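The block underneath contains the structure these notes are about, expressed in structure tokens.
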Amino acid sequence: MRTVYPHVAVIGVDGMGRFNQKAHTPVMDGLFRDGAQTFSACSMSPTISAENWGAVLLGADPMVHRLTNSIVSRCPYTNETLPSVFRRIRLAMPQAMLASCCTWDAINTGMIEQDIGVQKCTAETDEALCTQIEALVQKKPTFLFVQFDEVDGAGHSFGFGGEKYIEQIEKSDAYIGRIVEAYKKAGIWEDTLFVVTADHGGHRNSHGGYNDTEKYVYLAACGKGIEKSEIAYAQTKDVAAIVLYALGLEVPTYDKQGFSAQVPKGLFPRFRGDYHRPVPQAFLPQTRETPDFHAENGLDAILPGRVRLALFFDGDLRDGTGTYSFEEIGHVKYYGGGVSGFYGEFGATGYGVCPAFRFGRKSFSIGVWLKIDPTICEDVSVCGTKAYAHHRKGFEIALQAQDTQILLGNAQGEHVQFVTPFHEFVSEGWLHALYCVDQENAQIHVYYNFRFVRTIPVEARFLGDMDNLPFTVGNDGGHYTNDKEFRLLFNMDDLLVFDGALKPADIEKLRGYYGV
């Protein structure tokens, strides 16, 4: 029989990643020396707090739960189709004492339902929160969730991995020790599964990308029946499944579009379930010469009258339709072996601008081949009509190591950003990203390598007139991000703009054009 724990505690250290390896952490070292642990659990992409604590408490991918820092800070959590782990426990155990203690109180309001009897507490500092937790543990909670926030704050202020950041991890280690002592004082330590994890790490003074210092996090567990072991592949969202399994409750069947948390192998000795691990593939379309735009096998024949702009980057910035002219700023480099003919290297050294090209208030689609680069740590501006860092009207498409993003701004200075990870689709090679902007239905449909990924509902105030700054390819509309701020370079091929939001039949034709 498997061990069922009367009590489970999950202690989350925001922003710790796996930097505790570099810190003096006698509490964690002692707790998990004979427990199960890994320094290579994967944060969900993007590596941001709401997306990952949401994954921990809801057991779902960020594209499914759709929580962001902005949303959880202003909207109570009410999604009945995706209940939190707290609600799942409450339904199965009506009398259970449940508690959530977070320095970042948005977790308590924006990720956990308000009507299910969860005792919630918050404080201005981790120290003050720890004092509250010590008192609360004497009530012997069935499930306790804790989020300490100051490690992440130290990373933003002093740099992730820096001396003061490491000092804050060591303070958190001491807080964890105080919580352990509280459990022992309450007489329930021997009956508790104790878990420590992080939501993400960081790079320099920020996070959100998917390089190693951002994506890998510590995950460890100890308790009766847990043997010394290395936890196999795990993701932050799997904490939800761990909690349910430990309490003896049913773990929902894996559903990529719903609850997809799983119990990692190597954690519970008697667990024999399967684990659906994403296995991305290299995507290397066959290189070929670019057909003339008006040729029998060209784009105008494939999608007649739909292509407004065709940049093939075959040695220059000419528009294949013959309609628009681009001014080259700096020096764009071209190389053989692109998806179709040559490809271009853009960014810090050069980009193109076309003031005459206008999107207007109509629906449109924009597709581009992007060369995957795992070393990209900042947001690379691919193209757009707005300044990336300013809340101005227009749109911007950006690339990171493991995701693409579309940013929208309006005339009132409001701004939204939608991140779509691609790390489960392709690990290296080329990625075709296609955004179909449907103005009439206030939606954006995202396709990767001609496969539908998601539909993004967009509030109408962020659509309408998409023009502001001149349309820029290879930088943001303000000509700042790639060349002045981060000095970034990236590679792309065949940037195409279409009239209207392409339908699945149109996308199949485009797939056929590339022979994919």
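The values are calculated or read from the model by the stated rules, or taken from the named source; none is laboratory data. None of these values were measured; they are calculated from a predicted model. Heads up, the Cβs are rebuilt from the backbone with ideal geometry, glycines too, and the neighbour counts pull from every protein chain shown. Side chains included, ligands, DNA and RNA excluded: accessible areas come from the protein's heavy atoms. Shrake-Rupley method; radii C 1.70, N 1.55, O 1.52, S 1.80 Å.
Every residue in the range 207-233 that is among the charged types (D, E, K, R) and either over 25 Å from the mean Cα position of the chain (by Cα) or on the phi > 0 side of the Ramachandran plot (or both), please. Walk me through how you get there before you give the answer.
The initial filter retains those residues of the range 207-233 that are among the charged types (D, E, K, R), namely 212, 214-215, 224, 227-228, 230.
Residues satisfying the conditions are Lys224, Glu227, Lys228, Glu230.
Residue-wise test of (1) surrounded by fewer than 22 Cβ atoms within 10 Å (Cβ to Cβ); (2) among the acidic types (Asp, Glu); (3) within 24 Å of Ala60 (Cβ to Cβ).
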site: Glu170; (1), (2), (3): yes, yes, no
site: Gly177; (1), (2), (3): yes, no, no
site: Lys185; (1), (2), (3): yes, no, no
site: Ala232; (1), (2), (3): yes, no, yes
site: Ala240; (1), (2), (3): no, no, yes
site: Pro252; (1), (2), (3): yes, no, yes
site: Lys256; (1), (2), (3): yes, no, yes
site: Lys265; (1), (2), (3): yes, no, yes
Checklist entry - If you scan the range 115-127, which residues turn out to be open to solvent by 40 Å² or more (accessible area, probe 1.4 Å) and either within 27 Å of Met16 (Cβ to Cβ) or within 29 Å of the chain's Cα centre (by Cα) (or both)? => result Asp115, Gln119, Lys120, Thr122, Glu124, Thr125, Glu127
Next on the checklist: Considering only residues that are in a loop (DSSP other than H, G, I, E, B) and either surrounded by 17 or more Cβ atoms within 10 Å (Cβ to Cβ) or among the acidic types (Asp, Glu) (or both), which ones fall in the range 471-499?
Outcome noted: Gly474, Asn475, Asp476, Gly477, Gly478, His479, Phe486, Leu488
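For the range 137-151, check the following and say yes or no: at least one residue is over 27 Å from the mean Cα position of the chain (by Cα) and among the basic types (Lys, Arg). Working first, answer last.
If we filter the range 137-151 for residues that are over 27 Å from the mean Cα position of the chain (by Cα), which is where we start, we get 137-142.
Subset that is among the basic types (Lys, Arg): 139-140.
Yes, the range 137-151 contains at least one residue that is over 27 Å from the mean Cα position of the chain (by Cα) and among the basic types (Lys, Arg).
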Checklist entry - How about the range 430-458: which of its residues are aliphatic (A, V, I, L, M) and farther than 24 Å from Leu67 by Cβ? => result Leu431, Leu434
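Out of curiosity, is Leu244 within 26 Å of the chain's Cα centre (by Cα) and within 26 Å of Thr142 (Cα to Cα)?
Considered against the rule, which asks whether it is within 26 Å of the chain's Cα centre (by Cα) and within 26 Å of Thr142 (Cα to Cα), Leu244 comes out as yes.
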Checklist entry - Listed residues Glu214, Glu289; which is at pLDDT below 95, surrounded by 20 or more Cβ atoms within 10 Å (Cβ to Cβ) and either of a type in the set (Asp, Glu) or within 29 Å of Phe422 (Cα to Cα) (or both)? => result Glu214
Item to check | Candidates Pro304, Pro264, Pro252, filtered to the one that is at pLDDT 95 or above and closer than 30 Å to Lys362 by Cβ | outcome: Pro304
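Go over the candidates Ile133, Ile112 one by one and state the one that is open to solvent by less than 60 Å² (accessible area, probe 1.4 Å) and under 28 Å from Glu414 (Cβ atoms). So that I can check it myself, show each step before the final result.
Working: Ile133 fails: under 28 Å from Glu414 (Cβ atoms).
Sole residue among the options that is open to solvent by less than 60 Å² (accessible area, probe 1.4 Å) and under 28 Å from Glu414 (Cβ atoms): Ile112.
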Checklist entry - How many residues, within the range 187-206, are within 28 Å of the chain's Cα centre (by Cα) and either farther than 22 Å from Leu247 by Cα or of a type in the set (D, E, K, R) (or both)? => result 8
Item to check | Members of the range 137-152 that are part of a helix (DSSP H, G or I) and open to solvent by 30 Å² or more (accessible area, probe 1.4 Å) | outcome: Glu150
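Do we have any residue at all in the range 111-127 that's touching a residue at least 24 places away in the same chain (Cβ under 8 Å), over 14 Å from Gly12 (Cα atoms) and in contact with a His (Cβ under 6 Å, 6 or more places away or on another chain)?
Going through the range 111-127, the residues touching a residue at least 24 places away in the same chain (Cβ under 8 Å) turn out to be 111-114, 116-118, 125-127.
If we keep only those that are over 14 Å from Gly12 (Cα atoms) as well, we get 111-114, 116-118, 125, 127.
Those still in the list that are in contact with a His (Cβ under 6 Å, 6 or more places away or on another chain) too: none.
No, that holds for no residue.
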Next on the checklist: Need the failing condition index for Asp483 against (1) at pLDDT 90 or above; (2) more than 12 Å from Arg358 (Cα to Cα), just the number.
Outcome noted: (1)
Item to check | Single match in Pro457, Pro504, Pro470 (criterion: over 23 Å from Asn205 (Cα atoms) and within 23 Å of the chain's Cα centre (by Cα)) | outcome: Pro457
Checklist entry - What strands (runs of 3 or more DSSP E), lying completely within the range 246-330, carry at least 2 residues that are charged (D, E, K, R)? => result 327-330
Checklist entry - From the set of residues in the range 339-368 that are of a type in the set (Val, Ile, Thr) and over 12 Å from Glu328 (Cα atoms), which is farthest from the chain's Cα centre (by Cα)? => result Val339
Checklist entry - Going by the conditions given, is Glu424 open to solvent by 50 Å² or more (accessible area, probe 1.4 Å) and modelled with pLDDT under 90? => result yes
Next on the checklist: Being within 28 Å of Leu244 (Cα to Cα) and either assigned to a strand (DSSP E or B) or of a type in the set (S, T, N, Q) (or both) is the filter here; which residues of the range 159-186 pass it?
Outcome noted: Ser172
Checklist entry - Among (1) under 27 Å from Lys265 (Cα atoms); (2) buried (at least 24 other Cβ atoms within 10 Å of the Cβ); (3) not aromatic (Phe, Trp, Tyr), which single condition is Met93 missing? => result (2)
Checklist entry - Is the range 309-325 home to any residue that is open to solvent by 30 Å² or more (accessible area, probe 1.4 Å), touching a residue at least 24 places away in the same chain (Cβ under 8 Å) and aliphatic (A, V, I, L, M)? => result no
Checklist entry - Which of the residues belonging to the range 396-421 are acidic (Asp, Glu) and either open to solvent by 10 Å² or more (accessible area, probe 1.4 Å) or under 15 Å from the mean Cα position of the chain (by Cα) (or both)? => result Asp403, Glu414
